[in-house]
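**Student:** Can you keep this structure in mind? I'll have questions shortly.
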Amino acid sequence: MPTILDLADVSDADLPLVGGKAGKLGEMIRQGLPVPPGFVITTDAYRAFLAGTSLKSEVAKILDEVDPAKPETTEGASRRIREAFDRTEFPPGLRAEVVTAYEEFTARHHVRFSAVRSSATAEDLEGASFAGLQDTYLNVTGVDPLLAAVKRCWSSLFTTRVLVYRARKGFDHLDVHLAVLVQKMVDSVVSGILFTKDPNTGENHMIVEAGWGLGESIVGGEVTPDHYVVDGASLKVVHKQISEQRIRVVRAEGGGNRRENVPADAQGAQKLPDHRLARLVSLARVIESQYRRPMDIEWCADADSLYIVQARPVTTIPTFTAPGAAHPASPAAHEGGEPLALVRGFGASPGVAGGVARILRGAEEMDRIQTGEVLVTTMTTPDMVPAMSRAAAIVTDEGGMTCHAAIVSRELGVPCVVGTREATKKIAEGTEVTVDGKSGIVTAGLHLPKVSAAAAAAATAGAAHGHGGEGAPITATKIYVNVGVPEKAEEYAHLPVSGVGLLRIEFIFTAHVREHPLALIKKGKRDELVRRLADGVGKVCRAFAPRPVIIRTSDFKTNEYRGMPGGEEFEPVEENPMIGWRGCSRYISPVYKPAFLCELEAIHKVRTEMGLKNAMVMLPFVRNTWELEEITEMMRAQGLKRSRDFQLYLMAEVPSTVLLAREFSKHCDGFSIGSNDLTQLVLGADRDSETLGRMGYFDERDPAVLNAIRMLIEGAHESGRTVGICGQGPSVYPEFAEFLVREGIDSISLNADTVLATIRTIASLEQRLKLQGMRTSGSSRREA
């Protein structure tokens, strides 16, 4: 496995090797986006550092002594682990590799100052942003400072705040590895963050924040940035709020950062000129199109150019409210008339909560806050995450919607108001206050919205039957949700869906197993592999029971498997892995069959030992019926036989399943359309081709693709089988959704952030089609 990779050579497929941050930046370089050049010190280098020293056993021993009920033991463990990293020297061979890569990089790109940035394998994932929780060092220059910064990045996997946050999100401390990204440092005149969708309301607005100098002061909430709102459809600026900025963080003369006063004539000036704002918005649109989901983008600009320095999925778009959760209420709903507004700021994390205000002057005071109190502070820092997790709500003087307090509050589901300027002065210590995280208002006293007994009972009943969510209409088309990481299952289970239409087991490989399955089997860890898979699958099935959870067995391509630790030994190099050794062809291969049997055993364990009979199976990339016959025999041998309470579904991705739908129907209970693969194989257009994508060749709305979908639905329905689709097409393209509904699609499975909006779209379409049918019928009777 490589210890050093050029940033331009990596992608999201290399997540286990380069981490989330570097993987996405590499993807964007391939898209031609302006990303500073760099190289990655991979997770294999991290493992080599641990293996070449005594650190691994020392860290494990220290972590074993942590008692979650005693916060001081976590703090002590963190301190001891970080000190151990600091005093440990690089193994000579690894040191030579890193130094050579750094010297070649600085010479080739004329680099004097570098940014040394953490890129963890559990970072920037859908469902966990780990915002600001691992270390970054800016304006680093020279070999020794570089090596020291790399070690500090590695040891930041074990800061108190990261240990607490990772435990809350369900990640195993020793299963998360860290790559380090070294990039050319931009001498930033202005920098900031952009959300391609409003993270607080879910509205189709881009939120842009900008401040003078480096972005550290914005993310840290040290300054209140300019705030721009851009309409997502027209891309016109609909709101500007220019803030006064008196200090900025800039490069120090010999390296590192320093704070300085902003010149008086620039303090109240617009930080991002209109022409640069328009350019930034256009870049953001390209990035969102690439990932087909709302994105959180960090950017900076020198005197000449704009640069993208990070992009990650927005993990907290609010599209639903869990049953029983508080909703913002109008003043009329409060007792005693309109409450007294103490301060106003940016609504940064939705919801309403109240409690006793506790004013903290810094992280050293965080032990003062008790569970259920309201944390009030000038700004939060990553070290304050343990206190934030105990708070009922959070209020800050400084910061914008993209500061640390805002991002982490949304992750924790805690109402938050930032940028109030004077909360620490206007709110009295020990008094009761109410925080409205949507409107951005903090009021005196407790004014929590009332939930009637009938409404509470209805919400509880709705949750029990999978109909959580407020005001969601009923549709004839079943709506399911796609689940990525199991840690989000409890949250998504409150959505008004019929179950999980797609649980990709490979996501459990990347999040819970993190090693090539055959490598684990070779090490004698087969039982551990089965247990980890079963734990991940079981977590989702338990959250949604009794609603069905359709588990798609693994569909990694060879290039993706090679990137996993231990994968190179088992994976060939293919010229076109997209149509190579993947899906069902793996399962019947003598090489991969033992790993597939582990997947089946894990699913059987979930259904029998855990008693979760809602676990169903879906097979990907099915090419012909004879491989299907062999696989179903393997499943029967594992106790997974089709019956009334166990269904088998097939992904319809290869045109052969469409052309022979009636034959395939003899072997399954239904189909799920994989529109990306079906589109590329019907049109002969590589879905990864940037050139064809820009030219408009790859489009699931192409008449040929629509005709293939129509053929599948007709053939499957004639055979008494259901047809669904799992993907973003119906939520992105209303005309595509209308086509599916007209053709009689049985179900649509969506990402969580689009569920409610798409349900309303589908309900409206069904109503319109019903009315059109009634008019047509009435017209026919009149003519008769």
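The values are calculated or read from the model by the stated rules, or taken from the named source; none is laboratory data. This one's a predicted model, so the numbers in the text were calculated from it and none came from an experiment. No Cβ is skipped: glycine too gets one built from the backbone with ideal geometry, and neighbour counts run over all protein chains shown. Protein only, heavy atoms only, side chains kept; ligands, DNA and RNA dropped before computing areas. Shrake-Rupley method; radii C 1.70, N 1.55, O 1.52, S 1.80 Å.
**Student:** How much accessible area does S719 have with a 1.4 Å probe, in Å² rounded to the nearest 10?
**Tutor:** The value for S719 is about 40 Å².
**Student:** Taking all protein chains together and a probe of 1.4 Å, list R47, R279, R259 from the most accessible to the least accessible.
**Tutor:** Putting R47, R279, R259 in descending order of accessible area: R259, R279, R47.
**Student:** I need two numbers for the chain: Rg to one decimal and Dmax as a whole number, Cα atoms only, in Å.
**Tutor:** Gyration radius and largest Cα-Cα distance of the chain: 26.8, 92 Å.
**Student:** Find out how many positive minus negative residues lie around L660, taking Lys and Arg as positive, Asp and Glu as negative, among other residues whose Cβ is under 12 Å from that of L660.
**Tutor:** Here the charged neighbours net out to +2.
**Student:** Dipole of the chain, Cα-centred, from +1 at each Lys and Arg C-beta and -1 at each Asp and Glu C-beta, to the nearest 20 debye?
**Tutor:** 1340 debye
**Student:** Taking each pair of different alpha-carbon atoms in the stretch 634-743 once, compute 1/r for the pair, average those values, and report the inverse of that mean as the Kirkwood hydrodynamic radius in Å to one decimal.
**Tutor:** Result for the stretch 634-743 stands at 14.9 Å.
**Student:** Also, quick follow-up: Calculate the FRET efficiency for Q241 and E103 from the Cβ-Cβ distance with a Förster distance of 51 Å, rounded to the nearest 0.05.
**Tutor:** 0.65
**Student:** With a cut-off of 8 Å between alpha carbons and a minimum separation of six or more residues, what is the relative contact order of the stretch 171-318 in percent?
**Tutor:** The normalised contact order for the stretch 171-318 reaches 26 percent.
**Student:** Right, next: Using the per-residue mean of other Cβ atoms lying within 10 Å as a proxy for protection, in what order, highest first, do the peptides 666-674, 52-60 fall?
**Tutor:** Highest-to-lowest ranking by the protection proxy: 666-674, 52-60.
**Student:** Using the C-alpha atoms of the stretch 401-442, what convex hull volume per residue, in cubic angstrom, is computed?
**Tutor:** 82 Å³
**Student:** Continuing with this model, one more query. What order do you get for 91-102, 608-619 when each peptide is scored by the mean count of other beta carbon atoms within 10 Å, highest first?
**Tutor:** The peptides rank, most packed first, as 608-619, 91-102.
**Student:** Quick check on the chain: helices-only [θ] at 222 nm, where DSSP H runs of length 4 and up contribute -39,500 (n - 2.57) each and the sum goes over total residues. Nearest 500, please.
**Tutor:** So the helix-based figure for the chain works out to -11500 deg cm²/dmol.
**Student:** Pairs of Cα atoms under 8 Å, at least six residues apart: use those to get the relative contact order of the chain, whole percent.
**Tutor:** Relative contact order, the chain: 9 percent.
**Student:** Something else about it: What is the projected area of the convex hull of the Cα atoms of the stretch 480-542, averaged over all directions, in nm²?
**Tutor:** 4.0 nm²
**Student:** Could you tell me which trypsin sites (Lys or Arg not before Pro) in the stretch 620-657 are loop residues by DSSP with no more than 11 other beta carbons within 10 angstrom of their beta carbon?
**Tutor:** Counting only loop positions with at most 11 other Cβ atoms within 10 Å, the trypsin sites (Lys or Arg not before Pro) in the stretch 620-657 are K641, R644.
**Student:** While we're here: Straight-line reach from K613: which lysines have a Cα under 28 Å away, not including same-chain ones fewer than 8 places off?
**Tutor:** The reachable lysines, counting only those whose Cα sits under 28 Å from K613, are K169, K478, K488, K525, K539, K593, K605, K641, K666.
**Student:** Separate question: Please give the peptides 494-500, 203-209 ranked by average Cβ packing (other Cβ atoms within 10 Å per residue), highest first, as a rough proxy for protection.
**Tutor:** Most protected by this proxy first, the peptides run 494-500, 203-209.
**Student:** Would you compute the Debye intensity of the stretch 1-68 from its alpha-carbon atoms alone, equal scatterers and no solvent, and pass along log10 I(q)/I(0) at q = 0.11, 0.17, 0.22, 0.27 Å⁻¹ to two decimals?
**Tutor:** Result of the Debye calculation: -0.37, -0.66, -0.84, -1.06.
**Student:** Hey, what did the stretch 562-694 get for relative contact order, percent, Cα under 8 Å, at least 6 apart?
**Tutor:** For the stretch 562-694, the relative contact order is 19 percent.
**Student:** Something else about it: Among L17, Q370, F664, whose Cα projects farthest towards the positive end of the dipole of the chain, with charges put on the beta-carbon of Lys, Arg (+1) and Asp, Glu (-1)?
**Tutor:** Toward the positive end, the furthest listed residue is F664.
**Student:** Sticking with the crude label model, points 7 Å out along Cα→Cβ, report the distance from D231 to D527 in nm, one decimal please.
**Tutor:** 6.4 nm
**Student:** Next question. Leaving ligands and nucleic acids out of the surface, order V549, V573 by accessible area at 1.4 Å, largest first.
**Tutor:** Accessible-area ranking of V549, V573, largest first: V573, V549.
**Student:** Follow-up. How compact and how long is the stretch 1-129, expressed as Rg and Dmax of its alpha-carbon atoms in Å?
**Tutor:** Computed over the Cα atoms of the stretch 1-129, radius of gyration and Dmax are 17.0, 51 Å.
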